[in-house]
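I have placed the structure first, in the form of structure tokens, so that the comments after it can refer back to it.
The values are calculated or read from the model by the stated rules, or taken from the named source; none is laboratory data. As the structure is a computational prediction, the values presented were derived from the model and not from experiment. Virtual Cβ from ideal backbone geometry, glycine too; neighbours counted across all protein chains shown.
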Amino acid sequence: MNTIKPMFKFAFQYAMKSIIPIVMLMIWLAQYQPAVAADAELHFSGVNDVVSISTGGTHVLALMKDGTVKSWGSDVRGQTRGQSSVPDGLNNVAAIEAGPYYSLALKKNGTVIAWGNNDRGRLEIPKGLSNVIAISAGHRHSLALQKDGTVIAWGANENGEADVPKGLTEVKAISAGWGYSIALKKNGTVVAWGSDRYEVVSSINGMKEIKAIAGEATHALLLKNDGTVMAFGNSNDYKQLDVPEGLDKVKAVAAGIAHSLILKENGTVISWGGLNPRSSEVPEGLNEVMAISAGVAISAVLKKDGTILAWGWIQALKEWQNHGVEVKVR
């Protein structure tokens with residue numbers, strides 16, 4: 001029950017600030033009932049040869065060495081149902097992105113595939129989209145980075161999140177948040193647009209000497225060239241902005257709905273914040289990590305041996321167990 005109250009609080013605050021219908025708020029909250037959720041660790045036994053991972057609202061995607069995709073989690077709004085929801089015959093995949101209730105896959109030929117819930121048209125990939133080298137799944141909109149350094153956006157645009165600034169080029173990384181978008185240019189400069197509800201856009205726009213970005217709901221993380229991390233937003237109710245003092249030698253950053261996750265150069269992981277304080281407790285002894293991902297209330301890591309470990313506020317435990325995942329309630 002400790003996580004249910006913060007979850008209701010977060011949803012209420014977001015609803016009031018974004019003026020979303022109360023019906024949508026209740027649907028969102030329905031995914032977090034205590035009867036089907038718990039703070040847990042997920043052990044993906046028998047899964048190896050994974051090259052990248054991505055966590056969404058209630059599901060996890062894995063890109064396999066052979067270019068195929070696997071998925072696990074609950075079937076909220078059709079975003080995933082174990083491996084069966086991945087489009088039949090999907091192969092030659094280069095990158096994956098799990099969003100809230102939907103998924104994206106970037107194929108090696110530079111085209112994009114989407115499946116799941118089509119809220120606000122986030123699955124409606126622009127006709128003729130090609131030469132894509134990176135993708136990002138936001139709350140209700142999606143971004144694609146093309147080979148020529150330009151950015152394409154589609155889906156929701158109530159806050160201007162899909163209005164890519166004119167003349168934006170030389171981009172090397174993208175991140176789609178909840179109602180806003182972030183692009184990192186090759187010269188280390190940040191460009192942000194869309195909703196400034198949580199003062200993320202105005203805080204980070206134009207920042208320099210940045211080498212990685214991560215945006216989510218109420219906050220964003222920036223990894224500086226010197227290996228230190230900065231967090232931005234005007235809401236710190238869940239301590240997601242409290243970067244540990246002296247944190248350095250960071251290799252990667254990931255932002256969840258109310259928690260932050262970082263990967264250090266030595267292969268260890270540090271996390272802080274969260275709707276449930278225990279959700280940011282990194283499993284003891286975790287090391288040899290090569291990639292991280294933070295979802296709505298889930299964190300996942302890819303280890304150097306090609307295996308996956310995830311933890312956090314896990315919904316629909318039985319569905320995870322039915323797909324061969326060992327669930328350990330904490």
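Mind checking whether some residue in the range 277-287 is touching a strand residue (DSSP E or B) at 6+ places or on another chain (Cβ under 9 Å) and at positive phi?
no
Given Thr58, Thr3, Thr80, which one is touching an Asp or Glu at 6+ places or on another chain (Cβ under 8 Å) and at pLDDT below 90?
Answer to the selection: Thr3.
For residues that are at pLDDT 95 or above, crowded, with 20+ Cβ neighbours inside 10 Å and small (Gly, Ala, Ser), tally how many sit in the range 213-240.
Total meeting the criteria: 5.
When both residues are 6+ apart or on different chains and their Cβ atoms are under 6 Å apart, which pairs have a first residue that lies in the range 154-174 and is of a type in the set (D, E, K, R), and a second that is surrounded by 14 or more Cβ atoms within 10 Å (Cβ to Cβ)?
Pairs found: Glu161/His141; Glu161/Gly179; Glu161/Tyr180; Glu161/Ser181; Glu161/Gly194; Glu170/Gly149; Glu170/Lys185; Lys172/Leu184.
Does the range 163-185 hold any residues that are part of a loop (DSSP other than H, G, I, E, B) and among the basic types (Lys, Arg), and which are they?
Lys166
Testing Val329 on (1) surrounded by fewer than 14 Cβ atoms within 10 Å (Cβ to Cβ); (2) out of contact with any strand residue (DSSP E or B) (no Cβ under 6 Å at 6 or more places or on another chain), one condition comes back false. Which one is that?
All conditions are met except number (2).
Give me the residue from the range 184-204 that is touching an Asp or Glu at 6+ places or on another chain (Cβ under 6 Å) and either touching a residue at least 12 places away in the same chain (Cβ under 8 Å) or crowded, with 17+ Cβ neighbours inside 10 Å (or both) and, out of that set, farthest from Leu223 (Cα to Cα).
Gly194
Which of the residues spanning the range 154-183 are surrounded by fewer than 24 Cβ atoms within 10 Å (Cβ to Cβ) and among the acidic types (Asp, Glu)?
Across the range 154-183, the qualifying residues are Glu158, Asp163, Glu170.
So, in the range 269-285, exactly how many residues are part of a loop (DSSP other than H, G, I, E, B) and surrounded by 15 or more Cβ atoms within 10 Å (Cβ to Cβ)?
Here the count works out to 6.
Filter the range 316-326 down to residues that are touching a residue at least 60 places away in the same chain (Cβ under 8 Å) and outside any loop (DSSP other than H, G, I, E, B) and give me whichever is surrounded by the most Cβ atoms within 10 Å (Cβ to Cβ).
Of everything passing the filter in the range 316-326, Trp320 is surrounded by the most Cβ atoms within 10 Å (Cβ to Cβ).
When you scan the range 117-137, how many residues do you find that are surrounded by 24 or more Cβ atoms within 10 Å (Cβ to Cβ) and at pLDDT below 95?
Going through the range 117-137 one residue at a time, the tally reaches 1.
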